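Chemist: The structure is given below, and queries will be raised subsequently.
The values are calculated or read from the model by the stated rules, or taken from the named source; none is laboratory data. Values in this document were obtained by computation on a predicted structure and should not be read as measured data. Methodologically, a virtual Cβ is constructed for each residue, glycine included, from the backbone with ideal geometry; neighbour enumeration extends over all protein chains shown.
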There are 2 protein chains.
Amino acid sequence: MKRIFEVNPWHVVSHELVPTDKRLQESMTSIGNGYMGMRGMFEEHYSNDSLKGIYIGGVWYPDKTRVGWWKNGYPDYFGKVVNAVNFIKVNLTIDGDQVDLAKDEISDFTVDLDMHTGVLRRSFIVTKGDKRVQFLIDRFVSAAQKELFDVHYSVHNLSAEPVQIGFISQIDADVFNEDANYDEQFWQVLDKSHAVTGGSMIAETKPNDFGTPRFTLGMQMLHQTDFRGANAPETEKAVTNIFRGTLAADETQNFEKRVIVVTSRDYDSLQALRSGLAKLSEKLSGATYEDLLRAHEAVWAKRWELADVVIDGDDAAQQGIRFNLFQLFSTYYGEDKRLNLGPKGFTGEKYGGATYWDTEAFGVPFYLSLAKPQVTENLLEYRYNQLAGAFHNAKQQGLAGALYPMVTFNGIECHNEWEITFEEIHRNGSIAYAIFNYTRYTGDDTYLKTKGIDVLTAISRFWADRVHFSERKQMYMIHGVTGPNEYENNVNNNWYTNFMARWTLEYTLASLKKVTADKRTDLNISADELAKWQDIVDRMYFPHDDKLGIFVQQDTFLDKDLKPASSIPADQRPINQHWSWDHILRSPYIKQADVLQGIYYFMDRFTPEQKKANFDFYEPLTVHESSLSPAVHAVLAADLHYEDKAVEMYQRTARLDLDNYNNDTVDGLHITSMTGSWLAIVQGFAGMRVRDDTLAFAPFVPKAWTHYQFHVNFRGRLLKVDVDQQGTTVTLVSGEPLTIELNGQSVAVADTVSTK
Amino acid sequence: MKRIFEVNPWHVVSHELVPTDKRLQESMTSIGNGYMGMRGMFEEHYSNDSLKGIYIGGVWYPDKTRVGWWKNGYPDYFGKVVNAVNFIKVNLTIDGDQVDLAKDEISDFTVDLDMHTGVLRRSFIVTKGDKRVQFLIDRFVSAAQKELFDVHYSVHNLSAEPVQIGFISQIDADVFNEDANYDEQFWQVLDKSHAVTGGSMIAETKPNDFGTPRFTLGMQMLHQTDFRGANAPETEKAVTNIFRGTLAADETQNFEKRVIVVTSRDYDSLQALRSGLAKLSEKLSGATYEDLLRAHEAVWAKRWELADVVIDGDDAAQQGIRFNLFQLFSTYYGEDKRLNLGPKGFTGEKYGGATYWDTEAFGVPFYLSLAKPQVTENLLEYRYNQLAGAFHNAKQQGLAGALYPMVTFNGIECHNEWEITFEEIHRNGSIAYAIFNYTRYTGDDTYLKTKGIDVLTAISRFWADRVHFSERKQMYMIHGVTGPNEYENNVNNNWYTNFMARWTLEYTLASLKKVTADKRTDLNISADELAKWQDIVDRMYFPHDDKLGIFVQQDTFLDKDLKPASSIPADQRPINQHWSWDHILRSPYIKQADVLQGIYYFMDRFTPEQKKANFDFYEPLTVHESSLSPAVHAVLAADLHYEDKAVEMYQRTARLDLDNYNNDTVDGLHITSMTGSWLAIVQGFAGMRVRDDTLAFAPFVPKAWTHYQFHVNFRGRLLKVDVDQQGTTVTLVSGEPLTIELNGQSVAVADTVSTK
């Protein structure tokens, strides 16, 4: 654990610049608007270690798959997020000397991410000899105008004498990915132009061997300032504007750099892109900085109105949940259905930008409650639109139907470990579950009947081909899988996988009854196929242990040496950094919820005794070495009234990045895990469920808290839920009255209801 | 299958030069002397595709381990065989024009590997305009003087006019491995010298990051010819001698290039190496070509005397077995106990030069019968001397004792697939078994009691730490292994692995009773440790099925979809080239003997009913996609009197490379599998066993053969075994009379015994 920022309800703020913590600072002060984003790296030159990263949603490059030993079926390429052309660069000079925060004498340093407004502010005083200059630097990526990056400088001369200030503003294509091979670069400059006060660049990703699209970026920088533009040198890969001016003693002047960033993802042709860039530049050049900032802040204010979670009695928890909400909304707010939630969002290049099953498992319930249904529907459509890729993936393994990828940009699998790529097929179950979850939450089966059914049918065909019939047991089995617990590989009859497969077939069979005859015809499902699916549903094998009363994680799990995780010596934790892989695999230790993930998904299908027996058996074996693990356990613990355990689990998820729990936040934030703290509060502490079209709550308050409050959207209503030690108050903020279930009682909410 | 050479009992001969078969020709005409060897590439320039390879035993380079996803415990480097400096190069010119067999008009082409003498002869006529010249080129690597490579030219002018012939002879360090990354080269030239008639080079492998030794090569070329030496150009990486002369019409002249090759493996210092090179050069420069050739041929004649297998009635089989014996002896004849049998020997760089468990499983029984005991003892000492590496490997996995590597040059594991590196631990069992096998065959337990016991104790400590106790079953288990059948990974309680583990512990416990008190003290084994081993022996778990009467390959094998391999569509064979890895893993198909490997090792411990039930169950599921598979099945089939099956299996191993069965002989020969055809004949058709210190035979003759005959060494005797349709004759060629078992009868052999 390492906390470098102050605890503050709305700010991520620090007054120190510690070189060894620079990457951590950068990760934590990342900003984004769903369309693009960047780490909290400085605009100006900084000569110490730094991880520079600016990312544009959906812009990636297919890198040749590199493995020690090739296996049939491996994907041809691994998609990697491309570090974008650096359009934020502004080097500063004082009397012609470059400012370098790594070397200069600096004081009054502050870096402050305002989570309420989505603005990153920095301020510092640079002293060079007898010259002292204060800089206040605000930047944002506009939540109101996705193509806009804006950085604003207020420069104050604190010296007794005048100083000359210089701004060297660039769009620079000479950038690298940190994991690049042999200094490979991805951007080729197509053209550049520049005037004294601005400049533009068109750049294109380099050709690739795999026939995936190349991406074009168009960038126009505009400068608003009283400083004078000067001639700037031409370089091959950069467009440069230079501004200089002299500040009298105590004088303050402003400088603003706006960059419009467009991509070929939004334009059909290079010509259209150029013209789009020009139009946006014209539109935005007319606005004042204050206009642009206000529009941006207004969007964030609206988001918070719908989504804020207030916690009293625990400032660290308060900051934690807001940080998570802020970063999630910065990564994805559903505007572009071709995009998804990357595990690192716009905060780092590791796993960067690609889509994982995290979205369906942990993202969908979050967006269902905190944004309009369309946002979640866009996440579902993302998969619908990638069906072709999923068919391709199944075919690569010689199987029918659709296999959604573990990691992808375009629907085609790009991960290359056989035990994951080929075997972690439970991911297909979560894709199906998200359709069910969306339909249950919204009460609207239009999506299910029009598009969802295509996905369900394709996944069901995969399951029906992937099972085999065991003559000996006279049951269907699924051999050779990796469950959500990636600390077991290539196991047989993983209970969770078998459960999700059977459930998908059941749900598909039921859903097919609801669709139109035309749709059924389109899907071309034979009676034989339906009968086969039903037979699999009826005769699916599940390992269980009657004596323990548990579902068994996989066929031979109970033969393991079943010592609890608490028996692992502290100096061997986390085990994934200390044990060789075989040791981990044969141990009984569970990386993240596996059987419990299935129980979590279908909480109301299991008896309290079943839930208790399984939780009591599996949780002590769980090492929670995936950031996705604690949230599910928090919700289940709360359901079982294990309140202390629920709070312990919550604490492991709420400040994972803010406190650098896993010692890897330098690489970027754990974006997809960030929904976990919200799930722990809302589904866990507040016990939110949807049961038979009714929203239900059964809240408790963690001992250390006095009160918490959150909002949820549900079927056209916005509800505010307030919980303190005395009871719960539910307020209908907007929408039609509805009946909810509160602590097991059915209550009508027209205005406010309370258990106090 | 592709047969490019003629069927001939002692020759691998072809009269065609087919560019698309060039690599196949090169693999098949490889020669070697245990110390060095080379593919059948041409000495002269050849501008079409070719896989050039000259290898020196024990000369390798540690390449950084490259994997897509790193796992804890992976080795730091992957050892690769280094393609040696090309010292065989001799470019030819006719009237100043370079000879290029890829482009010139050639006729009367022959390439002929004489397996009896170990000489590779080529001959061809080159026509350039009105000039016709015939070349006869003989080469060998001396079996009598390991450092000597010799190539001899006889050039005959067939033209009406005189022609000028040129020989441009080089030692050239500008060589690459075919799998090199980014044109990486391994040799750095330390120094060169040259006179008009010869030259020398000292070269060194480039530095590495892993602290493994660098190797130095010293090479001296000497030329014997009436052609005149001419000035040759100096180049950075090559030493060159040029010889020219004019042949009158119908005149014949000779040219000979000898190269002495020494390495730092045999000399303590660079100075000693230089002086050794000089001494050898002096010694060998005095000899005539005929002297050198005769000495070489005499060694081969002696080898054949001890080892030849004669087959009448099947010329293809005859050629097959001799080819295998020839290539095995070319790879390893036990002279250097720091070397071992590489899977490709000196015939290719793939898996090149490294040591696998093939040696103990398939090499040891072969050398036991066909060479002096010391040859096999050297193979055992190789492992004894690498104990430190085996301790290191176990420690990498957090385990006690010694884990012998899957792939190694120096005892340290260098393979990097987790399912192999960490899990294919049965290899340890074969290391132990080889000690048992050697002791049983020779009847001499000196090695066992002095060195073998150290290895057995270290392996037993590994097994004792690697098992775990299943509370549920109250038995010891081994989870997370890959058995010999690499088409299953990460399985639990692989019968073979458990069997070998228990057997090793039993054998170690028994052997410890035979060693001296001092030795026991040195080994530092406590009573508790012995008790623990005995407990594991007593309570080891073995999956079995009473109904089928079989040992079960691993815990859940019988739940598979158990269709026979014959049901796999022909266009999907071999499955490893058609199916994705998960498909292979969950299929019931077996790559090579697994349960049957254990039965093969301990044939006399099992009842005929057990052997039959297991063979009948597993063989139909076996796809034999490892070249190591058919031999074991041939021996077992013969034991069960399934003679047709035994012959079928023999046929898959005898001409594997000659007929390019697996379509991969272009990469080099399957050296370690080559023992298989001998094992199939001797242990299979002739039923050779060692039972209670007695050698036993129970021969049959394959229907298509009229007669076969082989020799075996056994405890100081050389026996000739002759089998035809009438019966078996055993002749004591040398050594003291002994009693053997023949078809179940005990018979004394003083001279000849026969069942006819």
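Chemist: I'm checking my understanding of the structure. Among residues of segment A:268-287 that are touching a strand residue (DSSP E or B) at 6+ places or on another chain (Cβ under 8 Å) and among the hydroxyl-bearing types (Ser, Thr, Tyr), which one is surrounded by the most Cβ atoms within 10 Å (Cβ to Cβ)?
Modeler: A:281
Chemist: Quick test for you: out of A:64, A:80, A:146, A:89, pick the one residue that is within 14 Å of chain B (Cβ to nearest Cβ) and within 21 Å of residue A:203 (Cβ to Cβ).
Modeler: Details: A:64 fails: within 21 Å of residue A:203 (Cβ to Cβ); A:146 fails: within 14 Å of chain B (Cβ to nearest Cβ); A:89 fails: within 14 Å of chain B (Cβ to nearest Cβ).
Just one listed residue meets the conditions, A:80.
Chemist: I've got another one for you. So for segment B:140-147 (the condition being surrounded by fewer than 16 Cβ atoms within 10 Å (Cβ to Cβ), in the same structural domain as residue B:234 (by the TED database) and of a type outside the set (S, T, N, Q)), does at least one residue qualify?
Modeler: To start, the set of residues in segment B:140-147 that are surrounded by fewer than 16 Cβ atoms within 10 Å (Cβ to Cβ) comprises none.
No.
Chemist: If I filter segment B:171-190 for residues that are in contact with a Gly (Cβ under 6 Å, 6 or more places away or on another chain) and either away from chain A (no Cβ under 14 Å) or more than 14 Å from residue B:235 (Cβ to Cβ) (or both), do I get at least one hit?
Modeler: Let us first name the residues in segment B:171-190 that are in contact with a Gly (Cβ under 6 Å, 6 or more places away or on another chain), namely none.
Checked segment B:171-190: no residue is in contact with a Gly (Cβ under 6 Å, 6 or more places away or on another chain) and either away from chain A (no Cβ under 14 Å) or more than 14 Å from residue B:235 (Cβ to Cβ) (or both).
Chemist: Can you pull out every residue in segment B:65-118 that is more than 30 Å from residue B:300 (Cα to Cα), at pLDDT 95 or above and basic (Lys, Arg)?
Modeler: Across segment B:65-118, the qualifying residue is only B:103.
Chemist: Another question, if that's okay. Looking only at helices (runs of 4 or more DSSP H) that fall completely inside segment A:588-658, which ones have 3 or more residues that are in contact with a strand residue (DSSP E or B) (Cβ under 9 Å, 6 or more places away or on another chain) and closer than 14 Å to residue A:551 by Cα? Please lay out each step first, then the result.
Modeler: Values: elements: A:595-601, A:608-618, A:629-639, A:643-654.
Counting at least 3 such residues, we get A:595-601, A:608-618.
Chemist: Can you name every residue in segment B:158-178 that is under 21 Å from residue B:54 (Cα atoms), modelled with pLDDT of 95 or more and either among the hydrophobic types (A, V, I, L, M, F, W, C) or surrounded by fewer than 16 Cβ atoms within 10 Å (Cβ to Cβ) (or both)? Spell out how you get there, then give the answer.
Modeler: Residues of segment B:158-178 that are under 21 Å from residue B:54 (Cα atoms), as a first pass: B:167-178.
Next cut, modelled with pLDDT of 95 or more only: B:167-175.
Residues satisfying the conditions are B:167, B:168, B:171, B:173, B:174, B:175.
Chemist: Sticking with this structure for a sec: When you look at residue B:727, is it more than 29 Å from the chain's Cα centre (by Cα) and touching a residue at least 24 places away in the same chain (Cβ under 8 Å), yes or no?
Modeler: Values: more than 29 Å from the chain's Cα centre (by Cα): yes; touching a residue at least 24 places away in the same chain (Cβ under 8 Å): yes.
Yes.
Chemist: So which of B:506, B:529 ends up being in contact with a helix residue (DSSP H, G or I) (Cβ under 9 Å, 6 or more places away or on another chain), within 26 Å of residue B:608 (Cα to Cα), more than 14 Å from every other protein chain (Cβ to nearest Cβ) and acidic (Asp, Glu)?
Modeler: Details: B:529 fails: within 26 Å of residue B:608 (Cα to Cα).
After ruling out the rest, the residue left standing is B:506.
Chemist: Working only within segment A:562-598, note down all residues that are within 13 Å of another protein chain (Cβ to nearest Cβ), touching a helix residue (DSSP H, G or I) at 6+ places or on another chain (Cβ under 8 Å), in contact (Cβ under 8 Å) with a residue 12 or more places away in the chain and not hydroxyl-bearing (Ser, Thr, Tyr).
Modeler: A:562, A:568, A:575, A:576, A:584, A:588
Chemist: Listed residues A:514, A:473; which is basic (Lys, Arg) and over 26 Å from residue A:440 (Cα atoms)? Outline the logic, then answer.
Modeler: Details: A:514 fails: over 26 Å from residue A:440 (Cα atoms).
None of the other options fit; the residue is A:473.
Chemist: May I pose another question? Filter segment A:333-376 for residues that are surrounded by fewer than 23 Cβ atoms within 10 Å (Cβ to Cβ) and on the phi > 0 side of the Ramachandran plot and give the result.
Modeler: Residues satisfying the conditions are A:334, A:351.
Every residue, every condition in (1) surrounded by 22 or more Cβ atoms within 10 Å (Cβ to Cβ); (2) at positive phi; (3) not hydrophobic (A, V, I, L, M, F, W, C), yes or no:
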residue: B:61; (1), (2), (3): yes, no, yes
residue: B:66; (1), (2), (3): no, no, yes
residue: B:70; (1), (2), (3): no, no, no
residue: B:100; (1), (2), (3): no, no, yes
residue: B:104; (1), (2), (3): no, no, yes
residue: B:108; (1), (2), (3): no, yes, yes
residue: B:113; (1), (2), (3): yes, no, no
residue: B:118; (1), (2), (3): yes, yes, yes
residue: B:121; (1), (2), (3): no, no, yes
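Chemist: Let me ask something additional. Would you check which residues across segment A:663-672 are touching a helix residue (DSSP H, G or I) at 6+ places or on another chain (Cβ under 8 Å) and surrounded by 24 or more Cβ atoms within 10 Å (Cβ to Cβ) and list them?
Modeler: A:668, A:669, A:671, A:672
Chemist: Which of the residues spanning segment A:117-157 are farther than 25 Å from residue A:222 by Cα and either of a type in the set (Phe, Trp, Tyr) or not in a strand (DSSP E or B) (or both)? If you could, list the steps in order and put the result at the bottom.
Modeler: Step one: of segment A:117-157, the residues farther than 25 Å from residue A:222 by Cα are A:125-132.
Selection gives A:129, A:130.
Chemist: Taking residue B:553 and the conditions (1) over 34 Å from the mean Cα position of the chain (by Cα); (2) more than 13 Å from chain A (Cβ to nearest Cβ); (3) of a type outside the set (Val, Ile, Thr); (4) closer than 24 Å to residue A:467 by Cα, which numbered condition does it fall short on, given that it satisfies the others?
Modeler: Of everything listed in (1) over 34 Å from the mean Cα position of the chain (by Cα); (2) more than 13 Å from chain A (Cβ to nearest Cβ); (3) of a type outside the set (Val, Ile, Thr); (4) closer than 24 Å to residue A:467 by Cα, residue B:553 misses just condition (1).
Chemist: Taking the stated definitions as given, is residue B:181 more than 24 Å from residue B:33 (Cα to Cα), in contact with a strand residue (DSSP E or B) (Cβ under 9 Å, 6 or more places away or on another chain), at pLDDT below 95 and not in a strand (DSSP E or B)? Explain how you work it out, then say what you get.
Modeler: Working: more than 24 Å from residue B:33 (Cα to Cα): yes; in contact with a strand residue (DSSP E or B) (Cβ under 9 Å, 6 or more places away or on another chain): yes; at pLDDT below 95: yes; not in a strand (DSSP E or B): yes.
In short, yes.
Chemist: Just for helices (runs of 4 or more DSSP H) wholly inside segment B:405-490: which have at least 2 residues that are β-branched (Val, Ile, Thr) and more than 14 Å from chain A (Cβ to nearest Cβ)?
Modeler: Where helices (runs of 4 or more DSSP H) fall fully within segment B:405-490 and carry at least 2 residues being β-branched (Val, Ile, Thr) and more than 14 Å from chain A (Cβ to nearest Cβ), they are B:427-442, B:453-466.
Chemist: Could we say that residue B:470 is in contact with a Phe, Trp or Tyr (Cβ under 8 Å, 6 or more places away or on another chain), of a type in the set (Gly, Ala, Ser), surrounded by fewer than 24 Cβ atoms within 10 Å (Cβ to Cβ) and closer than 17 Å to residue B:535 by Cβ here?
Modeler: Working: in contact with a Phe, Trp or Tyr (Cβ under 8 Å, 6 or more places away or on another chain): yes; of a type in the set (Gly, Ala, Ser): yes; surrounded by fewer than 24 Cβ atoms within 10 Å (Cβ to Cβ): yes; closer than 17 Å to residue B:535 by Cβ: yes.
Against the criterion (in contact with a Phe, Trp or Tyr (Cβ under 8 Å, 6 or more places away or on another chain), of a type in the set (Gly, Ala, Ser), surrounded by fewer than 24 Cβ atoms within 10 Å (Cβ to Cβ) and closer than 17 Å to residue B:535 by Cβ), residue B:470 qualifies.
Chemist: Also: Which one of B:360, B:297, B:305 is of a type in the set (D, E, K, R), closer than 26 Å to residue B:28 by Cα and touching a helix residue (DSSP H, G or I) at 6+ places or on another chain (Cβ under 6 Å)? Working first, answer last.
Modeler: On the way: B:297 fails: touching a helix residue (DSSP H, G or I) at 6+ places or on another chain (Cβ under 6 Å); B:305 fails: touching a helix residue (DSSP H, G or I) at 6+ places or on another chain (Cβ under 6 Å).
Residue meeting the stated conditions: B:360.
Chemist: Could you give me the residue pairs with C-beta distances under 7 Å whose first residue belongs to segment A:506-535 and is in the same structural domain as residue A:453 (by the TED database) and touching a residue at least 60 places away in the same chain (Cβ under 8 Å), whose second residue is in a helix (DSSP H, G or I) and small (Gly, Ala, Ser) wherever it lies, and which are 6+ apart or on separate chains?
Modeler: A:507/A:432; A:508/A:460; A:532/A:464; A:533/A:460; A:533/A:464
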